[in-house]
Amino acid sequence: MGSAIKATWLSIAMVLLSQCTTTGLTSGTPQEQRQAILEMREEVLTELFQLKPDVRSQVGEAAGYGVFSSANINIILASIGAGVGIVRDNSDGQQTYMRMGEVGVGLGAGVKDFRVVFIFHKKESLDRFINQGWTFGGQADAAAKAGDLGAAVGGEAVIDNITVYQLTQSGLALQATVKGTRYWKDSDLN
């Protein structure tokens, strides 16, 4: 594929990604953004607790937890995503606003909005996530959820003393990707 075609596909993907649900969380004043992220966190946790009531005690007993809203676009052989979120240290109540970005390669087509909840069982894992924030992983999933059909738990995994829950909100994606995801502190909101 020529570089002009690749650049065109990347431009289209960026425009589509900018229209996904995270846009409302990244516009407005810093105070408005913080408030929108806090509201997103409460909505996602409420939804997760309804789907898996035992998670409420996991969150309360953990060193901390994080909630992120993300949108992912898959176009032919490329996968890109972006999102925002917040991590809370349960020991001192400290909240850290963060951003995320991901890129990958793999066969796929579609747009997927999803939410991710991280439960940090050890303080070291929490601190490492906040201060280093880098994760690289493989993903193979198929999700088809749209409109008012509600949300579904897309998966649950435990890695490095971190339990991860993924909830899809809307969109359609069929993908098999290996992608790198980077989480970092949001210098504008902290």
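Bear in mind these aren't lab numbers, they're just calculated from the coordinates by the rules spelled out. The structure displayed is predicted, hence computed values, not measured ones. We place every Cβ from the backbone using ideal geometry, glycine too, and count neighbours over all the protein chains shown.
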Excluding same-chain residues fewer than 8 positions from LYS122, which aspartates and glutamates have a Cα within less than 12 Å of its Cα?
-> GLU61, ASP89, ASP160
Efficiency by 1/(1 + (r/R0)^6): what FRET value for ASP54 and ASN131, r their Cβ-Cβ distance, R0 = 22 Å, to the nearest 0.05?
-> 0.15
Taking the Cβ of each residue in ASP127, ASP89, ASP54 as the centre, tally the other Cβ atoms inside 10 Å and list the residues starting with the fewest.
-> ASP54, ASP127, ASP89
Which value in nm describes the separation of the simple spin-label points at SER91 and THR46, placed 7 Å from the Cα toward the beta carbon?
-> 3.2 nm
Treating cross-link reach as a plain straight distance, find the aspartates and glutamates whose alpha-carbon is under 13 Å from the alpha-carbon of LYS52, omitting any fewer than eight places away in the same chain.
-> GLU156
